[in-house]
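Let me begin by presenting the structure, written as structure tokens, before commenting on it.
The values are calculated or read from the model by the stated rules, or taken from the named source; none is laboratory data. This is a predicted model, so every value here is computed, not measured. Every residue, glycine among them, receives a Cβ derived from its backbone with ideal geometry; neighbour counts consider all protein chains shown.
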Amino acid sequence: MLMASRVAQAGFSNLTAHSFLLLKMPKKNPSLSVGRGEKLPVSRGAGLTAKGRAKLNKATGSNLKAPAPNPKTKADAARKKSFCARMSGVVANAKGPAERAKASLKRWKC
């Protein structure tokens, strides 16, 4: 009963409580593949292509940017520093070889 009142308060009086919960659920990331040109293969530095970033941004409402191996602004330099720190941790704590993470570190010139 409490959920029904929350649905009505939110202005969704014609929805059931279940439908309302589905609206509130976060969107899942789309599947991206190397074959469709949305990800780069490990041999070319891993990471997403412009097509892959556009697909992910459209599906999730995010704002992914291209890699910044040679940052031109302070914001890009900070982004590179943050990325390198995060990915170094991924490589260090990986249970397997972490080939994609290593390739992305190389592509970002970390």
Those residues that are surrounded by 11 or more Cβ atoms within 10 Å (Cβ to Cβ), without any contact (Cβ under 8 Å) to a residue 40 or more places away in the chain and over 20 Å from Pro41 (Cβ atoms), I need them from segment 66-84; list them, please. Pro71, Ala75, Asp76, Ala77, Ala78, Arg79, Lys80, Lys81, Cys84
Picked from segment 26-50 (must be of a type in the set (A, V, I, L, M, F, W, C) and not in a loop (DSSP other than H, G, I, E, B)), the residue nearest to Arg100 (Cα to Cα) is Val42
Residues satisfying the stated conditions in segment 26-38, i.e. surrounded by 12 or more Cβ atoms within 10 Å (Cβ to Cβ) and out of contact with any strand residue (DSSP E or B) (no Cβ under 6 Å at 6 or more places or on another chain): Pro30, Val34, Arg36, Gly37, Glu38
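Rundown of residues vs (1) of a type in the set (Ser, Thr, Tyr); (2) touching a helix residue (DSSP H, G or I) at 6+ places or on another chain (Cβ under 7 Å); (3) part of a loop (DSSP other than H, G, I, E, B); (4) at pLDDT 95 or above, yes/no style:
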residue: Gly52; (1), (2), (3), (4): no, no, no, no
residue: Lys55; (1), (2), (3), (4): no, no, no, no
residue: Lys58; (1), (2), (3), (4): no, no, no, no
residue: Ser62; (1), (2), (3), (4): yes, yes, yes, no
residue: Lys81; (1), (2), (3), (4): no, no, no, yes
residue: Ala85; (1), (2), (3), (4): no, no, no, yes
residue: Ala101; (1), (2), (3), (4): no, yes, no, no
